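All remarks here apply to the structure that follows.
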Amino acid sequence: MLQKLFSRLTPKARIVTSYVLVVLVYVIAMPAVAIILGNILDRKLHFTEGVIPQPYNYIVAVPVIILCWCLIIWTSRSIVKIGEGHPAEIFNVEVSPVTQKLIVVGPYHRVRNPMATGNITYMFIGLGVLTNSLSMVLFYPAALLIAFLYFKIFEEPSLLERFGNDYIEYRNKTPMFFPLLLKGK
């Protein structure tokens, strides 16, 4: 159903729509829901101490948030400039043109899913520490597990189909979320 809806749009409208959806979902809705649920859980579980005492939580959270957003922007730019596409698929529904080239440089040199790494770390560590929500910080591993399952079920089959052996080679030497900091150039 969604695929039909997006296929009726002009290519430019699809690209604009994909970015509007990204902002609505990843910048507004998901962080808001995470903060609200984190605060509710903190109250229910009697997590009154927070993660880090104020104002030190800001000293930790702000750099984490800035670094995460730098990673997200760098990844988006790489998708457009190197991959010749856009952040485009949601549950295998092509919202805007997908990448035409497998990206293995830039943020993709260290991890296969730098956008997810940035988004999940921003939402659960950055915002969790900023709002002093222990529940949000503790949910971080579960969010990574959910993302792992999503990528295995929805994204990797599509990437295998599009890029074949090149993707298999890349997948075998590049971790999904956390960079191998000592990896050579």
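Read-outs throughout are calculated quantities, based only on the coordinates presented, and are distinct from any laboratory measurement. Computed from a prediction, not measured in an experiment: that's the story for all the values here. Positions of Cβ are generated from backbone atoms using ideal geometry, with glycine treated the same way; all protein chains shown enter the neighbour counts.
Distance between the modelled labels on Phe154 and Phe177, one decimal in nanometres: 1.6 nm (7 Å Cα→Cβ projection). Look at the dipole of the chain built from charges on Cβ: of Ala61, Phe154, Tyr122, the Cα furthest out on the positive end belongs to Phe154. In a reduced charge model with +1 at each Lys and Arg Cβ and -1 at each Asp and Glu Cβ, the chain shows a dipole moment near 340 debye about its Cα centre.
Ellipticity at 222 nm from helices only: DSSP H runs of n ≥ 4 in the chain, each -39500 (n - 2.57), divided by the residue count, give -18000 deg cm²/dmol. For the chain, the alpha carbon convex hull comes to 128 Å³ per residue, rounded to a whole number.
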